[in-house]
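Okay, structure first, notes after.
The values are calculated or read from the model by the stated rules, or taken from the named source; none is laboratory data. Computed from a predicted model, the values in this text were never measured in an experiment. All Cβ positions, glycine included, derive from the backbone under ideal geometry; neighbour counts span all protein chains shown.
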Amino acid sequence: MIFPFVWTIVMSFKTDNDIINAPLALPKVWNFDNYVRALKTLNIFAMYKNTFIVVVTTQIVSLVITFMSSFAICRMKFQNRKIKNLLYTYYLLGISVPVYILLFPIYRINIRLGVLDTLLSLILPYIAITIPFNTLLFVGFMKGFPKELEEAAIIDGCDLIHLCIRVVVPILKPVIATVTIFNVIYNWNEFPFAVTYISSSANYTISLATSMFKGAYSRDYSAMIAAAVLIMIPQLIFYALLQKQIIAGMTEGAVKA
């Protein structure tokens, strides 16, 4: 699994001739100009900022909503149990809907809200898209740990807010890490919504800027590969930092669901 990433990084330092004539060989000369061209053309730091705003805002809001709905489904008592089942079914149905059939309905909603061609036009649909999958994992994970922990905290005088913050959230760390990495990677690389809703270059995200770069430099292979590395490295670092929690969250949450 490591070889494709290493090979891509090595290729990013080659000239176009070396890429075509000796794709598997090490560079004769390590060419850093590829990264200079990619950085100048992409305005990479502005794209990182836009993408960071979208990803972080989406993740925070999505996690808060997911936690509240999952806690209600798993722990709150409803007078009519059918309401709880309908609520959970509603979230599960969200997973079954192909995301991109909503592309143009959401486009019209963005126009009515006056947020088209702003980062908010991406943040709102990304939140709605990530919540169903997050809820599936959260509910499966929460059903797996005993209620006695929460009951003991309540007996000790813990109110609902502190119960969630001090007891429930620490237990949920593996599944929080899991949904975070999935959501971050999806939102970081998402393209159809970005290209449909964003037209101003000042609001370009990484995926959209890279596509435009590819169109302008379709034959500058070395610069395109360098741009791909610049986009890939933050995701690899993020995944490496959270991989243990991801494996734990997927194993426990998915199996217990």
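Odds and ends about this structure:
- Here Thr8, Thr41 are screened, and the one residue that is surrounded by fewer than 17 Cβ atoms within 10 Å (Cβ to Cβ), at pLDDT 80 or above and either within 23 Å of the chain's Cα centre (by Cα) or under 30 Å from Asn203 (Cα atoms) (or both) is Thr8.
- Some residue of segment 45-52 being modelled with pLDDT under 85 and farther than 28 Å from Thr135 by Cα: yes
- Scope segment 1-21; condition among the aliphatic types (A, V, I, L, M), part of a helix (DSSP H, G or I) and out of contact with any Pro (no Cβ under 9 Å at 6 or more places or on another chain); matching residues: Ile2, Val6, Ile9, Ile19, Ile20
- The lone criterion from (1) modelled with pLDDT of 85 or more; (2) in contact with a Phe, Trp or Tyr (Cβ under 7 Å, 6 or more places away or on another chain); (3) in a helix (DSSP H, G or I) left unmet by Lys84 is number (1).
- Residue satisfying all of: in segment 44-81; over 30 Å from Leu230 (Cβ atoms) and under 19 Å from the mean Cα position of the chain (by Cα); surrounded by the most Cβ atoms within 10 Å (Cβ to Cβ) among these: Thr66
- Residues that are aromatic (Phe, Trp, Tyr) and part of a helix (DSSP H, G or I), drawn from segment 126-160: Tyr126, Phe133, Phe138, Phe141
- Flag for Pro125 being closer than 24 Å to Cys164 by Cα and either in contact with a Ser or Thr (Cβ under 9 Å, 6 or more places away or on another chain) or not small (Gly, Ala, Ser) (or both): no
- The listed residues are Ile101, Ile65, Ile95, and the only one of them that is assigned to a helix (DSSP H, G or I) and within 18 Å of Val195 (Cα to Cα) turns out to be Ile101.
- Restricting the first member to segment 1-18 and to residues that are among the basic types (Lys, Arg), and the second to residues that are part of a loop (DSSP other than H, G, I, E, B), the beta-carbon pairs closer than 7 Å and six or more apart or on different chains are Lys14/Pro27; Lys14/Asn31.
- Here Gly114 does not fit the description of being surrounded by 14 or more Cβ atoms within 10 Å (Cβ to Cβ) and not hydroxyl-bearing (Ser, Thr, Tyr).
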